[in-house]
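Worksheet: the structure to be examined is printed underneath.
Derivation of every value follows stated rules applied to the coordinates shown; laboratory data play no part. Predicted model, so just to flag it, every value in this text is computed and none were measured. All Cβ positions, glycine included, derive from the backbone under ideal geometry; neighbour counts span all protein chains shown.
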């Protein structure tokens with residue numbers, strides 16, 4: 001199941017470009033489109049689309065598989081006393097090609113706020129300022145005690161601190177340098193890019209990309225396999241519309257150093 005490290009695990013904080021990355025891989029490296037992608041969170045008992053561990057292993061045994069997760073590297077906390085799930089996850093992380101996708105944390109906050117407005121009743125009742133200070137409700141103790149900004153900062157720095165070999169990519173890099181990013185992925189996973197690259201960024205709503213009319217005319221006719229909703233155009237640097245001065249001070253205190261280390265400006 002892990003003998004040749006052929007599986008790929010895409011790791012991210014929520015709303016960082018996970019499905020854009022998954023779709024880019026599945027549409028340009030056909031071996032990963034032969035099977036549905038899996039989510040490590042499916043191993044959690046009682047979770048959404050739960051799969052017993054033997055069923056999960058059976059799916060992986062079929063061949064190279066693409067997986068995703070929002071887990072922290074402290075993934076033991078997700079499985080309580082279920083040590084067999086923890087040991088399996090540890091083995092999987094150690095024996096698959098890892099890609100961590102990140103995004104400007106301020107834009108992550110904006111995207112997560114809008115995403116939760118669709119279904120999370122407490123967030124529906126919050127303004128953006130209150131949301132920034134609200135607790136992370138996704139992850140178990142002790143991480144559900146962190147506010148949204150602190151948890152984003154911890155997720156990224158915790159994964160960077162691991163010794164696992166990993167390709168770190170930014171959402172902005174995929175959105176603005178698509179082919180170059182695919183070349184990095186190809187080198188990391190040991191696969192060759194096809195002659196005709198499928199651009200999963202393109203859809204009817206993406207006016208920025210549609211502006212390149214010749215490219216749009218060619219690529220829009222390609223059949224694109226999608227794992228989630230359509231890419232909405234990759235809104236970047238959207239946060240100034242939401243953060244006021246006090247919000248930025250709060251964010252910078254908790255995550256400013258990490259944000260700068262990633263190459264984003266705080267001004």
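Brief remarks follow.
- Packing-based exposure ordering (other Cβ within 10 Å, fewest first) of 239, 119: 119, 239
- Rounded if a/c under 1.5, otherwise prolate or oblate - region 105-176, Cα gyration tensor axes: oblate
- The length gained on full extension between residue 144 and residue 124, counted as 0.36 nm times the residue separation minus their Cα-Cα distance, comes to 5.3 nm.
- Annotation: extensible slack from residue 77 through residue 248 equals 58.5 nm (criterion: 0.36 nm per residue apart, minus Cα-Cα distance).
- In plain terms, the residue of 159, 152 with the fewest other Cβ atoms within 10 Å comes first and the most crowded comes last, giving 159, 152.
- Relative contact order computed over the chain (Cα-Cα under 8 Å; 6+ residues apart), in percent: 24 percent
- Option label - P(r) over Cα pairs in 5 Å bins from 0, in percent computed here, alternatives (1) 1, 6, 13, 19, 21, 19, 13, 7, 2, 0, 0; (2) 1, 5, 7, 8, 7, 6, 6, 5, 5, 4, 4, 4, 4, 4, 4, 3, 3, 3, 3, 3, 2, 2, 2, 1, 1, 1, 1, 0, 0, 0, 0, 0, 0, 0, 0; (3) 1, 5, 12, 16, 18, 17, 14, 10, 5, 1, 0, 0: (3)
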